[in-house]
Amino acid sequence: MSTSIRTVVITGAGGGLGAAFAHAFAAAGDRVVIADIDGEAASRVAAEITATAEVPALAVRVDVTDRASAEALAAAAVAAGGSIDVLVNNAAIYAAVTRSPFEDIDEGEWDRVMAVNLKGPWQVTRAVSPHLSDDARVINISSATVFSGSAQWAHYVASKAGVIGLTRVLAKELGARGITVNTVAPGFTLTEASHGLIENAESYGVDRGAIRRPIAPDDIVGTVQYLASPAAAFVTGQTVVVDGGRQFI
């Protein structure tokens, strides 16, 4: 990975975990590309970063399900900083997903969740791949619900399970270039979206953890930064669950 300023592309960075990732990479001196389907939200995060960071952030509106939009994102990132050093595929449908028994899930909603949560990382990685530096990092965001299951959320859980499979394939296909591809699977994390999803979000799942407190975005940031660092140069195809030990209690 280049010792100069890195270019980091983060999808779904207009809020929540994506915004937390963006602020952390910017604080480390990276050039951050804030990509989100909500262009105004992306611009707000970019403005926050630019006001304090040494390197201005760039906001790009992107529909991760659309090939032309993903390619425009890649082109904008390259125009801003040359090759792309880190890609974080974070964009996902989460709070808007309807909880229903699997047999009652609306087919249109199933397709939309799969399009954003699974097709999206494939689409963006495909667009960015020709511009990745030879030791770049690709980090896909899945969910710890893949390992425990979550009743009445079949489409969300299945889409996030697919992300793990995609990660393993990409790790093998991009590995010859020295590019690593890994997954981070957060537990239920307190963001503006999760507060709107579940009542009493602060206490949700806390009693099932080895570390008995809510999961905050900063708890996930460190793992993403590690996987993006030179220290993780030989870590690829892996899934790191960051949930305070909730999956094994």
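The values are calculated or read from the model by the stated rules, or taken from the named source; none is laboratory data. Note that the structure is predicted; figures quoted are calculated from it, not measured. Here the Cβ is made from the backbone with ideal geometry for all residues, glycine too, and neighbour counts use every protein chain on show.
Taking only region 21-73 into account, find how many residues are touching a residue at least 60 places away in the same chain (Cβ under 8 Å) and in contact with an Asp or Glu (Cβ under 9 Å, 6 or more places away or on another chain).
The number of residues fulfilling the criteria is 2.
Would you point out which residue out of 32, 62, 86, 78 is farther than 23 Å from residue 226 by Cα, at pLDDT 95 or above, surrounded by 23 or more Cβ atoms within 10 Å (Cβ to Cβ) and aliphatic (A, V, I, L, M)? It would help to see each step written out before you state the result.
Values: 32 fails: farther than 23 Å from residue 226 by Cα; 86 fails: farther than 23 Å from residue 226 by Cα; 78 fails: surrounded by 23 or more Cβ atoms within 10 Å (Cβ to Cβ).
From the options 32, 62, 86, 78, the qualifying one is 62.
Hey, among the residues in region 81-91 that are within 8 Å of the chain's Cα centre (by Cα) and assigned to a loop (DSSP other than H, G, I, E, B), which one's farthest from residue 133 (Cα to Cα)? Steps first, answer last, please.
Taking region 81-91 first, the residues within 8 Å of the chain's Cα centre (by Cα) are 88-91.
Within this subset, residues satisfying the condition of being assigned to a loop (DSSP other than H, G, I, E, B) are 90-91.
On the way: 90: 20, 91: 22 Å.
Filtering first and then ranking leaves 91.
Are there any pairs, at least 6 apart or on different chains, whose C-beta atoms fall under 7 Å, with the first in region 136-153 and touching a residue at least 12 places away in the same chain (Cβ under 8 Å) and among the charged types (D, E, K, R) and the second assigned to a loop (DSSP other than H, G, I, E, B) and surrounded by 20 or more Cβ atoms within 10 Å (Cβ to Cβ), and if so, which?
The qualifying pairs are 137/228.
When the residues of region 1-54 are narrowed to those that are assigned to a loop (DSSP other than H, G, I, E, B) and closer than 20 Å to residue 65 by Cα, which ends up farthest from the chain's Cα centre (by Cα)?
Only one residue fits best here, namely 38.
List the pairs whose first member sits in region 104-117 and is farther than 22 Å from residue 69 by Cα, whose second member is assigned to a helix (DSSP H, G or I) and of a type in the set (A, V, I, L, M, F, W, C), and whose Cβ atoms are under 8 Å apart, counting only residues at least 6 apart or on separate chains?
Final answer for the pair search is 105/154.
How many residues does region 89-103 contain that are in contact (Cβ under 8 Å) with a residue 12 or more places away in the chain, surrounded by fewer than 17 Cβ atoms within 10 Å (Cβ to Cβ) and small (Gly, Ala, Ser)?
Residues of region 89-103 that are in contact (Cβ under 8 Å) with a residue 12 or more places away in the chain, as a first pass: 89-95, 97, 99-102.
Now drop any that are not surrounded by fewer than 17 Cβ atoms within 10 Å (Cβ to Cβ), which leaves 95, 99-102.
Going one step further and asking which of them are small (Gly, Ala, Ser), we end up with 95, 100.
Within region 89-103, residues that are in contact (Cβ under 8 Å) with a residue 12 or more places away in the chain, surrounded by fewer than 17 Cβ atoms within 10 Å (Cβ to Cβ) and small (Gly, Ala, Ser) number 2.
Conditions (1) among the aliphatic types (A, V, I, L, M); (2) more than 16 Å from residue 240 (Cβ to Cβ); (3) buried (at least 22 other Cβ atoms within 10 Å of the Cβ), marked per residue:
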residue	(1), (2), (3)
119	no, yes, no
122	no, yes, no
142	no, no, yes
146	yes, no, yes
161	yes, no, no
185	yes, no, yes
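Please list, ordered by first then second residue, the pairs with beta carbon atoms under 7 Å, 6 or more apart or interchain, first in region 214-238 and of a type in the set (Val, Ile, Thr), second surrounded by fewer than 16 Cβ atoms within 10 Å (Cβ to Cβ).
Going by the 7 Å Cβ cut-off, the qualifying pairs are 236/175.
On the given criteria, is residue 201 closer than 17 Å to residue 90 by Cα, modelled with pLDDT under 95 and touching a Leu at 6+ places or on another chain (Cβ under 9 Å)? Don't jump to the end; show me each part of the working.
Working: closer than 17 Å to residue 90 by Cα: no; modelled with pLDDT under 95: yes; touching a Leu at 6+ places or on another chain (Cβ under 9 Å): yes.
The answer is no for residue 201.
Of everything in region 130-139 that's more than 12 Å from residue 9 (Cα to Cα) and either touching a His at 6+ places or on another chain (Cβ under 6 Å) or of a type outside the set (D, E, K, R) (or both), which residue is surrounded by the fewest Cβ atoms within 10 Å (Cβ to Cβ)?
Across region 130-139, the extreme among qualifying residues is 130.
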